[in-house]
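One structure is given below, encoded as structure tokens.
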Amino acid sequence: MNTSIVGKQFDLTEPIKAYIEDAVESLKKYNLDVISVRTVISADEKNGKKGFSVEFAINMAHLNTVVIQQKDKDVYAAIDLAIERAKKVLRRHHDKMINQKRAEEIVAENENTEGSDDEIVPVRLDSYKPIEIEDAMNELKVSDKQFMVFHDMEDKFRVMYKKSDGRFGLY
């Protein structure tokens, strides 16, 4: 990964360069193909107040360039805030890639087992909102289902099922 650090109207010191390089190294943990990171630090003075602007441009293979800009009174605080925002973006890209790989593996696995008799078909819950146990029982009565999975009002997963004698069981 190529790293370039540029200072505009600002003298870069060795501790600041080392701090930025350490921060950029922490981005490697997401296992994305980061090609280069360009950091631009500039000093701003508006209305007599000094401030610093930090910009990270992260180039990744097969993805768009991510640009993070952060302003703060302290240069180290601006760097920290920008790195945290960059980590958040890279974590999202990483999670998307992992979820996409898992979905592809599930599809490939389902294609390989299409001929088998024992097949598990994933089903989404009808409602993710907590419901009363009595409401779940009424819903199960009117449906032709043998059981129902739901969240109760205490936010516990529950399973209600029909017994052969017409009563209901609850786990």
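In table form, for the structure just shown:
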item: Some residue of the range 86-95 being surrounded by fewer than 16 Cβ atoms within 10 Å (Cβ to Cβ) and part of a loop (DSSP other than H, G, I, E, B); result: no
item: Any chance Lys101 is modelled with pLDDT of 85 or more, closer than 30 Å to Val34 by Cβ and part of a helix (DSSP H, G or I); result: no
item: Check on Asn59, farther than 21 Å from Gly7 by Cα and without any contact (Cβ under 8 Å) to a residue 40 or more places away in the chain; result: no
item: Every pair of residues 6+ apart whose Cβ atoms lie under 9 Å, when the first sits in the range 86-108 and is within 17 Å of Val24 (Cα to Cα) while the second is at pLDDT below 85 and outside any helix (DSSP H, G or I); result: Leu90/Leu32; His93/Leu32; His93/Leu63; His94/Asn31; His94/Leu32
item: When residues of the range 104-158 are limited to those that are surrounded by 10 or more Cβ atoms within 10 Å (Cβ to Cβ), of a type in the set (Val, Ile, Thr) and in a loop (DSSP other than H, G, I, E, B), the one modelled with the lowest pLDDT; result: Thr113
item: Number of the condition not met by Phe56 [criteria: (1) aromatic (Phe, Trp, Tyr); (2) at pLDDT 90 or above; (3) over 30 Å from Met97 (Cα atoms)]; result: (3)
item: Pairs with Cβ under 9 Å, 6+ apart, first in the range 1-27 and free of Cβ contacts under 8 Å to residues at least 60 places away in the same chain, second acidic (Asp, Glu) and in a strand (DSSP E or B); result: Gln9/Asp44; Gln9/Glu45
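The values are calculated or read from the model by the stated rules, or taken from the named source; none is laboratory data. These numbers were taken from a predicted model, which means no experiment stands behind them. When we count neighbours, we look across all protein chains shown, and the Cβ atoms used for this are built from the backbone with ideal geometry, even at glycine.
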